[in-house]
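K.L.:
Dropping the structure in here first, questions after.
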Amino acid sequence: MNTVSSTAPVQTSQSASPFSKRTLLVLVIVSFLAFLALIALIGAGQTSRQSNDGGSHASSNGLNGYSGLVELLRLEGRDVEVSRSPSGMETFELLVLTPPMNADPEDIQAILEDRYYTGPTLIILPKWVVRRVQDDITDDIEVRDGWVQLLFASKPSWIEELEAPYALEVSETWRGDLETTSSDDTSDEVDEAVETVVAALDRAGNSAEEIEPVTWTGFDQSGSLPDGRFNSATETPQLMPLITAPDRTMLVTSILGEEDSDFFVDAYPVTIVVEPDLMNNYGLADRDRATAALAVIDDLTYDEDTQVIFDVTLNGLGGSENLLTLAFRPPFLAATLCLIMAMLIIGWRAFNRFGPATAQAQTIAFGKRRLVTNGAGLILRARRLGLLAEPYIALTSRRIAKRLGIPRADIETVSETLAARLPDQEPLLNRANTLRNARKPKDILRAAGALKELERKIER
């Protein structure tokens, strides 16, 4: 009563495929590459909101952004990375922070304290309040993504809420608030450059007194800011001025800390750019300011091989950590590459099968034999072998009666006739009763075998 049916593959003729093997291969390769690109972008955290959003960060092309500084450093041969992960702040290289106006001072304080013994840090303070330039603002200029309009200048309040030695007292100044006499440190060349810019703007119909640029000095260089509005910090013994304004306030300063303190002796340098127009896209339009920006970077790095990391997580552009992020980072990158190679091998093997396509034969065949076989299989699965006792006894009795030529097939008559024919064998009726009384599967099969044995002796 075996229910296992033969399902061997049978060669069948198939209609021609509507696509050639080459077409299918191209579709698979393109889909596979698109899938890899998707998971790579997810792993790199590039699926969050648009980075070129007009903010004051390294991915912004607006006047207040720092994408120009990133490109300038790359052109200078620097290894530059724009980090969208909080783990990027753990670098031993130079970390550049560009916090927004609404940054949390506790977060900034925690970052600076974590980098106490880690590496140098450059903080560029925000200044401009902007709005995105709309496409219909003018018909003469093609507006590009990320462009902004400078509304007004302000200062961040969180810089004054930091704990010592990072806190600064920042002030906002207009060019008209300064004395008209220039600093003694300002060279004649700078004065001539300022006069040239002022004259050009005056010819454009503006008032020279209102838009006259502000000069700066530092790193044995001089220049002017692009605007008459600037932010600066007051000099204290705990700060070292790097770039100053004409009124001796600091545009860029390095934090020293109190003398003989742990920060003064052991901490990595921290430099704060109070006036961002020295480094943003608005300011880098001038060669002198670009040179000063590079000088600030060089002052914080060991050599030209030092990597510069621009963090954008503080600006809301951070990518969340996930399994795909880990999959594309060492040491898991090796396992990911092996998995990709295995997928390619399996795919190639699928396109190079042996012989034509095969179709499975019908699982359940038609006919009485199959019907009986399936019925027996159902009884086996249901563990109801005892139900077969009476039908099997009746079937065996009819077969023996036919061979003996007995017209009546009742078991008593057949048993008596068979006993006279085979007096040395156990009577049929006894064997039938043994089958009826059997309960275990092996006992039932043994009793059924005894009936079958008696039937075979009649055949001999």
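The values are calculated or read from the model by the stated rules, or taken from the named source; none is laboratory data. Bear in mind the structure is a predicted one, so any value in this text is a computation, not a measurement. We place every Cβ from the backbone using ideal geometry, glycine too, and count neighbours over all the protein chains shown.
K.L.:
For segment 382-460, please list each of the helices (runs of 4 or more DSSP H) lying entirely inside it that holds at least 3 residues being modelled with pLDDT of 85 or more and within 25 Å of Val372 (Cα to Cα).
P.N.:
389-404, 428-437, 441-459
K.L.:
Suppose we keep only residues that are surrounded by fewer than 18 Cβ atoms within 10 Å (Cβ to Cβ) and assigned to a loop (DSSP other than H, G, I, E, B) within segment 215-237. Which one would you say is nearest to the chain's Cα centre (by Cα)?
P.N.:
Selected residue: Phe219.
K.L.:
Here is a further query. Kindly indicate which of Ala285, Ala293 is out of contact with any Lys or Arg (no Cβ under 8 Å at 6 or more places or on another chain) and either over 21 Å from Pro156 (Cβ atoms) or without any contact (Cβ under 8 Å) to a residue 40 or more places away in the chain (or both).
P.N.:
Ala285
K.L.:
Within segment 377-424, count every residue that is within 15 Å of Glu455 (Cβ to Cβ) and touching a residue at least 40 places away in the same chain (Cβ under 8 Å).
P.N.:
Total satisfying the criteria: 8.
K.L.:
Out of Glu189, Glu179, which single residue is outside any loop (DSSP other than H, G, I, E, B), modelled with pLDDT under 65 and farther than 30 Å from Asp53 by Cβ?
P.N.:
Among Glu189, Glu179, only Glu189 is outside any loop (DSSP other than H, G, I, E, B), modelled with pLDDT under 65 and farther than 30 Å from Asp53 by Cβ.
K.L.:
Taking Val197, is it at pLDDT below 90, of a type outside the set (Phe, Trp, Tyr) and in contact with a helix residue (DSSP H, G or I) (Cβ under 6 Å, 6 or more places away or on another chain)?
P.N.:
Spelling it out, it is not the case that Val197 is at pLDDT below 90, of a type outside the set (Phe, Trp, Tyr) and in contact with a helix residue (DSSP H, G or I) (Cβ under 6 Å, 6 or more places away or on another chain).
K.L.:
Could you figure out which of (1) closer than 19 Å to Glu275 by Cα; (2) in a loop (DSSP other than H, G, I, E, B); (3) at pLDDT below 90 isn't true of Val130?
P.N.:
Condition (2) is where Val130 drops out.
K.L.:
So, of the residues in segment 319-338 that are assigned to a loop (DSSP other than H, G, I, E, B) and among the polar types (S, T, N, Q), which turns out to be modelled with the highest pLDDT?
P.N.:
Asn322
K.L.:
Further, regarding this structure: Among the numbered criteria (1) within 29 Å of Ala267 (Cα to Cα); (2) at pLDDT 85 or above, which one does Asn61 miss?
P.N.:
All conditions are met except number (1).
K.L.:
Related question: Any idea which residue in segment 221-271 is nearest to Leu300 (Cα to Cα), counting only those that are without any contact (Cβ under 8 Å) to a residue 24 or more places away in the chain and among the hydrophobic types (A, V, I, L, M, F, W, C)?
P.N.:
Here the answer is Met240.
K.L.:
Hey, Glu106 hits all of (1) over 18 Å from Leu294 (Cβ atoms); (2) in a loop (DSSP other than H, G, I, E, B) but one; which does it fall short on?
P.N.:
So Glu106 meets the others, but not (2).
K.L.:
Counting only residues that are small (Gly, Ala, Ser) and over 20 Å from Ser232 (Cβ atoms), which one in segment 256-289 is farthest from the chain's Cα centre (by Cα)?
P.N.:
Ser261
K.L.:
Does Phe32 qualify as being within 26 Å of Leu339 (Cα to Cα) and either at pLDDT 90 or above or under 21 Å from the mean Cα position of the chain (by Cα) (or both)?
P.N.:
Yes, satisfied.
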